[in-house]
Amino acid sequence: MRSFLSVLLSLLLLLPLLSSCGSTSPEPSGNISSSDIESTPGIEPATGPVSEPETDPFENGDPLPADLSVPECLKTKDGSVLGTIVLPKAAEDDAILSFAAQDLQYHLKLVLGADFPIVSRPGEGYGSIILATPDTLPAISEMFADDIAWLADLGSKETGKWGSDGFAIRQSGDDIYVIGNTSKGAMNGVYDLIEENLGVLWFRADESIGLIYDAMEEASLTKVDYREKSPFEYRGFHFGAEWNNTLMISRNKANTTGYSEKLGTKDLGAHHSIFNLLTSSPLYDPEEPEYWETDENGSCLWKDGSNAVNPWSKKVADAIAASIIAQMRDYGVRYVFIGEEDAYHGRVVPNDTEPFEYAPGQFVYPEDRNFYSTVFISMINDIARQVKEEFPDRQIGTFAYRAGMATPACEVEENVTICFAPYGEDYTVSLFDTTLKDRLKSKVTGEDPLSYGADLTGWIGKVEHLSTWQYYLCDAHGADFCWPVWYKMQLDFQEYMKLGVEGVTSDGLPDLDQVYGWTTQHGAYGTGSNYWDMSAMLCWIFQKLLWNPYEDIPSLISYFCDKVYGEASPYMQEYYRITEDGFRTGAAEYKKQTGLSIHVDEYYKVFVKNPGIGHPVLDTLEEAYNVAAEGWA
């Protein structure tokens, strides 16, 4: 099955925007070649010996049905038939493993047209695909001891961290074991098995266009005996928990977008919540002016006139701490996020004009870049200490965001996690690339993107748990133009991996036919699905790099185009090359910051018209469309 719809949609979206384009641009330079790509230690062969159990690991399983029918179209690399999917008896109540077994069954039916029974024990005369964790099949802890120990090693901030949902795929006799220390890990192994051995690709929420596979009469599971884990515990998107989007993301081994019991995905809870935490507190006094910002004369602006709470106020810290403690006491909550509101803070007169003593005899001053972040984190520290006194094993979190990006002068309490959100970053270079200052001629407003890399590194030195909230996948022009920032993402992720960043997620638009105000503010048109029409490959590469930041991107692009566009693949690869070339050429001449909110008209001028890629893009898409149309005929 091939989908050529994306080619047509890309062409239709671009036609009205590329009407006055010049000559072709120079050959691209600076690509990361495959020879520059290292292999990550998170992916390796699994060569440890398999210890055969002395007793039947499945002795508690239900008897096999008397009328069990076993298909013979799926085989091991040795030619043995794989006839059933085994979900151990102890996993019947495990929502994640149960869904993984069902989704494996579903994809085998799609590709091979055969019904593979899900049973609780293997049978005689054929092999099985066995899904298990140590909790659901204790025997695997002995059978695959080396793999289980490797998956359990989550590293440290100093040595590099690893996600807890890694997997191993091992052949033992005629059986294939898909195992993880966690159920989500085993589920990731199922999807990797499907993708690597059956050639399935998931790139859109709508399966009619976004689930790609080739029907086969027979298939073999030849890629086995390997193990993998991501360097990031948290990875994915921030756009809610709509089922089809969450399923697509989970199949690509990401794990954040919204909570799903079946898919094992998480909602990190990094929301703008500080006003609500204050006003819902049992200590909240609606007549208290000290909670809020002031005008330049020191008069209270109250809640409706304030962009933020008053971080100098002890009353604010006490009220928010009481709010969090109540949640933890009454509902068993183990983690509460204290998110600043989505606006730059205003004035708090006279506090914001005076030195701030963050520790005995140690001060920051209003002119210091980290003045506000030090004040804000000092308030967070106060809250954290009060929470820790009541619940020593629980955590709170907060943003490093906008005016609070700079590494604070104060230390950070150990029960505080940080979500680093570089809203104002430039997308033409890595977050850690300091050469940007040589190109920018206009003054950067707001927080300083030239300091983001140093800021993040500084935060990492102060906290054990830090994740990032990025904006790679919510560019305002994304429904109109390709946004070729895959090499930037890769360089960012590689550095994050080295620093021990715990998670990477991106704001984004779900693949839905809905209009989002964020894009229309900046001249864009269309829906979330239109964004994915143009940007599906970018979103797919994003997920691939979250699992392995050292993937060979040219190979990923070739693979994607081959799978999605079929015979039109060469033309689509050329299309992506041209757009990347235009982006690089435009960036070299552009003296302003290239942010995610650059207006559509400005983007067209700088990265399409000026580099002269408009007609080459249209010509290439027309060739792709013609080939695609032949495929439909």
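Could you check residue 117 against (1) buried (at least 22 other Cβ atoms within 10 Å of the Cβ); (2) out of contact with any helix residue (DSSP H, G or I) (no Cβ under 7 Å at 6 or more places or on another chain) and say which number it fails?
The failed condition is (1).
Select from region 116-144 the residues that are acidic (Asp, Glu) and over 26 Å from residue 246 (Cβ atoms) and write down the one among them that is farthest from the chain's Cα centre (by Cα).
124
Is it the case, given these coordinates, that residue 550 is at pLDDT 90 or above, more than 24 Å from residue 270 (Cα to Cα) and not in a helix (DSSP H, G or I)?
yes
With 604, 625, 571 as the choices, which residue is open to solvent by 20 Å² or more (accessible area, probe 1.4 Å), among the hydroxyl-bearing types (Ser, Thr, Tyr) and farther than 30 Å from residue 514 by Cβ?
None of the others qualify; the one that does is 571.
Quick test of your reading of the structure: residue 553 fulfils all but one of (1) farther than 20 Å from residue 212 by Cβ; (2) open to solvent by less than 10 Å² (accessible area, probe 1.4 Å); (3) out of contact with any strand residue (DSSP E or B) (no Cβ under 8 Å at 6 or more places or on another chain). Name the failing condition by number.
All conditions are met except number (1).
For region 323-341, check the following and say yes or no: at least one residue is in contact with a helix residue (DSSP H, G or I) (Cβ under 9 Å, 6 or more places away or on another chain), over 21 Å from residue 385 (Cβ atoms) and open to solvent by 60 Å² or more (accessible area, probe 1.4 Å).
Scanning region 323-341 turns up no residue that is in contact with a helix residue (DSSP H, G or I) (Cβ under 9 Å, 6 or more places away or on another chain), over 21 Å from residue 385 (Cβ atoms) and open to solvent by 60 Å² or more (accessible area, probe 1.4 Å).
Yes/no per residue for (1) modelled with pLDDT under 95; (2) assigned to a loop (DSSP other than H, G, I, E, B):
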| site | (1), (2) |
| --- | --- |
| 497 | no, no |
| 513 | yes, yes |
| 524 | yes, yes |
| 533 | yes, no |
| 539 | no, no |
| 544 | no, no |
| 561 | no, no |
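If a residue must be exposed (fewer than 14 other Cβ atoms within 10 Å of the Cβ) and closer than 25 Å to residue 250 by Cβ, how many such residues does region 66-91 contain?
Total meeting the criteria: 0.
Looking at (1) in contact (Cβ under 8 Å) with a residue 60 or more places away in the chain; (2) out of contact with any His (no Cβ under 8 Å at 6 or more places or on another chain), find the lone condition where residue 515 falls short.
So residue 515 meets the others, but not (1).
Does residue 161 satisfy the condition of being within 25 Å of residue 88 (Cβ to Cβ), of a type in the set (D, E, K, R), touching a Gly at 6+ places or on another chain (Cβ under 6 Å) and crowded, with 20+ Cβ neighbours inside 10 Å?
Considered against the rule, which asks whether it is within 25 Å of residue 88 (Cβ to Cβ), of a type in the set (D, E, K, R), touching a Gly at 6+ places or on another chain (Cβ under 6 Å) and crowded, with 20+ Cβ neighbours inside 10 Å, residue 161 comes out as no.
Which count do you get for residues in region 193-221 that are polar (S, T, N, Q) and either open to solvent by less than 10 Å² (accessible area, probe 1.4 Å) or touching a strand residue (DSSP E or B) at 6+ places or on another chain (Cβ under 8 Å) (or both)?
Counting residues in region 193-221 that are polar (S, T, N, Q) and either open to solvent by less than 10 Å² (accessible area, probe 1.4 Å) or touching a strand residue (DSSP E or B) at 6+ places or on another chain (Cβ under 8 Å) (or both) gives 2.
Identify all residues within region 480-497 that are open to solvent by 10 Å² or more (accessible area, probe 1.4 Å) and more than 19 Å from residue 560 (Cβ to Cβ); write none if there are none.
491, 494, 495, 497
Kindly indicate whether any position in region 295-309 is open to solvent by 60 Å² or more (accessible area, probe 1.4 Å), within 20 Å of residue 373 (Cα to Cα) and assigned to a helix (DSSP H, G or I).
No, region 295-309 contains no residue that is open to solvent by 60 Å² or more (accessible area, probe 1.4 Å), within 20 Å of residue 373 (Cα to Cα) and assigned to a helix (DSSP H, G or I).
Hey, does region 499-508 have a residue that's assigned to a loop (DSSP other than H, G, I, E, B), among the charged types (D, E, K, R) and closer than 30 Å to residue 533 by Cα?
no
If a residue must be touching a Ser or Thr at 6+ places or on another chain (Cβ under 9 Å) and touching a residue at least 40 places away in the same chain (Cβ under 8 Å), how many such residues does region 270-282 contain?
Total meeting the criteria: 8.
Would region 469-491 turn up any residue that is among the polar types (S, T, N, Q), under 21 Å from residue 582 (Cβ atoms) and modelled with pLDDT of 95 or more?
yes
Could you give me the residue pairs with C-beta distances under 9 Å whose first residue belongs to region 40-63 and is closer than 18 Å to residue 136 by Cα and in contact (Cβ under 8 Å) with a residue 60 or more places away in the chain, whose second residue is part of a loop (DSSP other than H, G, I, E, B) and open to solvent by 60 Å² or more (accessible area, probe 1.4 Å) wherever it lies, and which are 6+ apart or on separate chains?
57/138
Could you list, in sequence order, the residues of region 607-622 that are open to solvent by 40 Å² or more (accessible area, probe 1.4 Å) and within 19 Å of residue 533 (Cβ to Cβ)?
622
Of the residues that make up region 575-588, is at least one touching a residue at least 12 places away in the same chain (Cβ under 8 Å) and outside any helix (DSSP H, G or I)?
No.
Looking at region 145-158, which of its residues are of a type in the set (A, V, I, L, M, F, W, C), under 22 Å from the mean Cα position of the chain (by Cα) and open to solvent by less than 40 Å² (accessible area, probe 1.4 Å)?
Result: 151, single match.
Tell me, which strands (runs of 3 or more DSSP E) lie completely within region 210-279 with 3 or more residues that are more than 29 Å from residue 401 (Cα to Cα)?
219-221, 226-228
Do we have any residue at all in region 598-609 that's assigned to a loop (DSSP other than H, G, I, E, B) and either touching a His at 6+ places or on another chain (Cβ under 7 Å) or not hydroxyl-bearing (Ser, Thr, Tyr) (or both)?
Within region 598-609, one or more residues are assigned to a loop (DSSP other than H, G, I, E, B) and either touching a His at 6+ places or on another chain (Cβ under 7 Å) or not hydroxyl-bearing (Ser, Thr, Tyr) (or both).
Take the residues in region 202-256 that are closer than 30 Å to residue 464 by Cβ and of a type in the set (A, V, I, L, M), then tell me which one is modelled with the lowest pLDDT.
Applying the filter and picking the extreme gives 241.
Does any residue in region 357-368 that is exposed (fewer than 14 other Cβ atoms within 10 Å of the Cβ) and modelled with pLDDT of 95 or more come within less than 6 Å, Cβ to Cβ, of a residue that is part of a strand (DSSP E or B) and not hydroxyl-bearing (Ser, Thr, Tyr) six or more places away or on a different chain, and which pairs are these?
Matching pairs, first to second residue: 357/363.
The values are calculated or read from the model by the stated rules, or taken from the named source; none is laboratory data. Since the model is a prediction, treat every value here as computed from it, not as a measurement. Glycine gets a Cβ as well: all are built from the backbone with ideal geometry, and neighbour counts include every protein chain shown. Just the protein is used for accessible areas: all its heavy atoms, side chains included, with ligands, DNA and RNA removed. Shrake-Rupley method; radii C 1.70, N 1.55, O 1.52, S 1.80 Å.
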